[in-house]
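Just so you know, all these numbers are worked out from the coordinates, no wet-lab data involved. Just so it is clear, the structure is predicted and the values come from calculations on it, not from any experiment. When we count neighbours, we look across all protein chains shown, and the Cβ atoms used for this are built from the backbone with ideal geometry, even at glycine.
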Amino acid sequence: MLISEEVQRRNAFAACAVFRIEGLEASLERAREIAVRDELDAVGHCIEEAQSYLTQIRVLHQGALDEFNRAQGE
């Protein structure tokens with residue numbers, strides 16, 4: 001693989017991960033704010049949203065690890 005392709009892949013991964021991490025942080029912050037007002041149903045929704053972002057981050061991370069391992073084998 002060309003170096004520029006590797007850099008492009010890393011940049012794409014970083015951009016995707018940042019978006020999901022920011023979403024995760026926002027969901028957790030909303031959950032904290034709502035919890036103070038004792039709106040438990042809304043807190044549950046924010047927690048589900050945060051869990052979804054975390055799942056996406058895990059998938060991206062595993063993809064990056066797999067690619068790294070393949071590159072080590074080349």
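Based on Cβ point charges of +1 for Lys and Arg and -1 for Asp and Glu, what charge dipole magnitude is obtained for the chain about its Cα centre, in debye rounded to the nearest 20?
So the magnitude is around 200 debye.
When the chain is modelled as a GNM with alpha-carbon springs shorter than 10 Å, which of Arg58, Arg37, Arg20 fluctuates the most?
Arg37
Put +1 on the Cβ of every Lys and Arg and -1 on every Asp and Glu Cβ in the chain; which of Ala15, Tyr53, Leu28 then has its Cα farthest towards the positive end of the dipole?
Ala15
Please compute the Kirkwood hydrodynamic radius of the chain from all pairs of different C-alpha atoms, in Å with one decimal.
Details: mean 1/r = 0.0715 Å⁻¹.
After inverting the pairwise mean of 1/r, the radius is 14.0 Å.
Taking 0.36 nm per residue of separation and subtracting the Cα-Cα distance, what length does fully extending Asp41 through Val18 add?
Length gained, Asp41 through Val18: 5.5 nm.
Please identify, among Val18, Val59, Val36, the residue showing maximal mean-square fluctuation in a Gaussian network model of the chain using a 10 angstrom Cα cutoff.
Comparing Val18, Val59, Val36 in the GNM, the peak value goes to Val36.
Most fluctuating residue of Ala12, Ala31, Ala50 in a GNM of the chain with Cα springs under 10 Å: which is it?
Among Ala12, Ala31, Ala50, the largest mean-square fluctuation in the Gaussian network model of the chain belongs to Ala12.
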